[in-house]
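As structure tokens, the structure follows; a few thoughts come after it.
The values are calculated or read from the model by the stated rules, or taken from the named source; none is laboratory data. All figures in this text were calculated on a predicted structure; none of them were measured in a lab. In this analysis, Cβ positions are derived from the backbone assuming ideal geometry, glycine residues included, and neighbour counts consider all displayed protein chains. Just so you know, the surface numbers come from the protein's heavy atoms only, side chains and all, with ligands and any DNA or RNA stripped out. Shrake-Rupley method; radii C 1.70, N 1.55, O 1.52, S 1.80 Å.
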Amino acid sequence: MRVCSQCGREHERRFRYCPWCAAPQRRKIVEFFRAHPAFDDEAGTALRVSHYFGDTPAERHVRFSVWDETGEAKAAVSLDEESAARLADFLQPGRRTLIEQIRQLAQR
């Protein structure tokens, strides 16, 4: 069972919205990335990245899933926030966080 952070009443984890107050229970952002066009064998596939924002560490994670043209997920993996940050650093070395950028601007 899950407790709604809005009204405090219990409901099943499968609910996306609280059945009592309609507050969203799974807060996330989703982005799709199409396969590189130079790789013919990957045509029609995409990477879906879902970033979940929850109240507990277990609910806060990033999920990667590979989708095909049928609209079906072929594989998926979830990373905790620390691992997702490491991945971001790997993909974009030297990337500065927003707070680091603000600090640098404030020092000018």
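For the reader, a short list of remarks on this structure follows.
- First in the range 12-31 and of a type in the set (Gly, Ala, Ser), second anywhere and open to solvent by 60 Å² or more (accessible area, probe 1.4 Å), Cβ under 8 Å, 6 or more apart: Ala23/Ser5; Ala23/Gln6; Ala23/Tyr17
- Considering residues of the range 70-82 that are within 16 Å of the chain's Cα centre (by Cα) and either outside any helix (DSSP H, G or I) or exposed (fewer than 12 other Cβ atoms within 10 Å of the Cβ) (or both) only, the residue modelled with the lowest pLDDT: Glu82
- Flag: Ala88 matches the condition of being aliphatic (A, V, I, L, M), over 17 Å from Arg26 (Cβ atoms) and at pLDDT 85 or above.
- Residue count for the range 53-69, restricted to those that are outside any loop (DSSP other than H, G, I, E, B) and either loosely packed, with under 14 Cβ neighbours inside 10 Å or not β-branched (Val, Ile, Thr) (or both): 6
- Within the range 1-52, tally of residues that are of a type outside the set (D, E, K, R), open to solvent by 80 Å² or more (accessible area, probe 1.4 Å) and not in a strand (DSSP E or B): 6
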